[in-house]
Every structure is written in structure tokens, then in C-alpha cells.
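The values are calculated or read from the model by the stated rules, or taken from the named source; none is laboratory data. Quick caveat, the model's predicted, so the values are computed rather than measured. Cβ coordinates were reconstructed from backbone atoms using ideal geometry, including for glycine residues, and neighbour counts include every protein chain displayed.
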Amino acid sequence: MKSPSRVVPAMLATLMLGAVATPAFAQQKLVAAQSDIAFVSKQFGVPVGGKFKKFDAEVSFDPNKPDAAKVGFTVDLLSADIGNAETETELKKPGWFNSLKIPQATFASTGVKALGGGKFEFTGRLSVKGISQNVVVPVALTQSAGITRVVGSFTLKRLDFKIGDGEWNDVSLVANEVVVNIKLAVTGIPSL
């Protein structure tokens, strides 16, 4: 069996992202070249990380009216990059991301709460492998030169999405927790 250490984190990170774009998103754009979605899990207690090379976000967000926000992400699970081609091939299989059959993970916001000081908490549905779960993603926003930087992190439980199914269910081999780190650059968001 090939090492899932890099497969599991990638799958979980993908789950977090995704939503269907709507015309309300037209004014705000993701700057992909300045954005990053990464993940970290542990295999045999050792941190193993990776990132997704392809993803998109649709944003309709005014920090002064968080109740009206709509944020969605789509992550291309086939773009998982963990620096090991053999493990990346393993991640595509049904026991891991099953990305040849279901190539995208999505996140669609269902609510936003302002926490003060440029901090917000986004609640939404994360779908991976056809399984949807509620997640909460705390983020901090900063603005400079027309770009809003969104930085956040949340922890997923891979087994909730059947990532690492079968013999990899043993959390002493591959931890159940996967930390997803998000760094996004978005244009068109009103001033904080």
C-alpha cells in the first residue's frame, strides 16, 4: 500500500473549498497568483503537508454587512501537490479522494459572523467525495492597495469524509485531523 501521508491532507483541504458561482460575485475577484490553499496532517506522528494548485473562489462580501455575504470555493482535487508522484496517484483512488470520479471539493457559506478587528467566522457546507459536513472557518482580513488578504485555518476530520478509507482508518498511522490553511487575495471588497 502506498503512503497516504500526503494524500489525506490534500483530500481534506479540498473538501473545505467550493461553491456555485452566481452573478452577485461579479465585482469581487480572487487573485489566484497571490492565493494559497495548503494542508497539514500527521503520518506516524510526523507532519506531512501539501497544497492544491487549482482552485477558485466566488465572493460577494461587504465586511460592514456580513449577514449578506456569500462565499464559495471549488477545489480541483486532482491538483493536490504533496511533492511525491506515487502518493499523489494514490490520493486519486476511491479510498482517498476518489478524484477521478468526483474531481472537485466545494465549500458554500451559510453564514458569516463579525468578530471585530477585521476578524470573521464563516460557517458553511464542505463537500468532499459527495459527503457534506458543516465547517466553521475563522479568518482575519487586512487591506492594502485595493487587495484584501484573507488568512484563516480550520481543522477537518478526514474520516468524516471517508478520506483514507479501509486500512488507513487507523488514526495511529494517519491522524484523523487535517489542518487546512487558507491565504487568499481578493479584489473589490469594500473597506473594513
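Before moving on, here are some points about what is shown:
- Residues in segment 160-180 that are touching a Lys or Arg at 6+ places or on another chain (Cβ under 8 Å) and among the charged types (D, E, K, R) were compared, and the one that is farthest from LEU30 (Cα to Cα) is LYS162.
Here is a yes/no grid of residues against (1) more than 29 Å from GLN28 (Cβ to Cβ); (2) modelled with pLDDT under 95; (3) touching an Asp or Glu at 6+ places or on another chain (Cβ under 7 Å):
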| residue | (1), (2), (3) |
| --- | --- |
| LEU115 | no, no, yes |
| VAL139 | no, no, no |
| ILE147 | no, no, no |
| ARG158 | yes, no, no |
| ILE182 | no, no, no |
| ILE189 | no, no, no |
| LEU192 | no, yes, no |
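- Where a residue in segment 42-56 is within 20 Å of SER172 (Cβ to Cβ) and touching a residue at least 12 places away in the same chain (Cβ under 8 Å) and its partner, wherever it lies, is of a type in the set (Val, Ile, Thr) and outside any loop (DSSP other than H, G, I, E, B), with Cβ under 6 Å and at least six apart: GLN43/VAL174; GLY49/VAL40
- For segment 120-165, filtered to residues that are part of a helix (DSSP H, G or I) and in contact (Cβ under 8 Å) with a residue 60 or more places away in the chain, the residue that is nearest to GLN104 (Cα to Cα) is PHE161.
- In segment 166-180, residue farthest from ASP56 (Cα to Cα) [restricted to those that are part of a strand (DSSP E or B) and modelled with pLDDT of 95 or more]: GLU177
- Members of segment 70-118 found to be touching a strand residue (DSSP E or B) at 6+ places or on another chain (Cβ under 6 Å), assigned to a loop (DSSP other than H, G, I, E, B) and small (Gly, Ala, Ser), listed by number: GLY118
- Pick from segment 23-76, criterion more than 13 Å from the chain's Cα centre (by Cα) and aromatic (Phe, Trp, Tyr), ranking: surrounded by the most Cβ atoms within 10 Å (Cβ to Cβ): PHE61
- The residue that is nearest to GLY50 (Cα to Cα), among those in segment 97-109 that are crowded, with 19+ Cβ neighbours inside 10 Å, of a type outside the set (A, V, I, L, M) and touching a Leu at 6+ places or on another chain (Cβ under 9 Å), is PHE97.
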